[in-house]
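S.K.: I'd like to ask you about the structure that follows.
Only the coordinates and a few stated rules stand behind these numbers; no lab work does. On a predicted model such as this, the values are computed, not experimentally measured, just so you know. Neighbour counts are summed over all protein chains in view; Cβ atoms, including those assigned to glycine, are modelled from backbone coordinates with ideal geometry.
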Amino acid sequence: MRWLDKLLGKKPEIRGSDEPLVPHPIPALVTILHRLEQDKGTPLTEAEVVSARDQAVCIMLPVSKAAQLAEKRGYDDVDLENVWESWCQYRTQITTDGE
């Protein structure tokens, strides 16, 4: 019956963990946005950034695993809840660093 629960949209069981799950874009959304902007040749609009976030492929990870992944990667991804503001901050850093 587990496959039926998945099909009907019930939350999957996580055995041995009460840790909340968070969506984690794969690849990191900041890399997707950077590439989209390079391809476009001009800064992305807010609508384009939100659209890219909404279309990104995500996996659900426990909070601690998402933090470990970001640490291993060497940078945090953009904040999915405040994607436009977060992207603008990253974009400023990228531009300042000589990109």
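S.K.: Would you kindly state how much longer the chain becomes between Gln55 and Val22 on full extension, computed as 0.36 nm times their sequence separation minus their alpha carbon distance, in nm to one decimal?
M.R.: Result: 10.3 nm gained on full extension.
S.K.: Let me ask another. Give, in whole angstrom and from largest to smallest, the semi-axes √(5λ) of the equivalent ellipsoid of region 14-81, with λ running over the eigenvalues of the Cα gyration tensor.
M.R.: 27, 13, 8
S.K.: Each residue of region 71-79 in order: what ³J(HN,Hα) in whole Hz does its phi give by Karplus 6.51 cos²θ - 1.76 cosθ + 1.60, θ = phi - 60°, with x for Gly and Pro?
M.R.: Values per residue, Gly and Pro as x: 5, 5, 5, x, 7, 7, 7, 5, 6 Hz.
S.K.: Then there is this: Please compute the net charge surrounding Ser64, taking Lys and Arg as +1 and Asp and Glu as -1 over other residues with Cβ under 11 Å from its Cβ.
M.R.: -1
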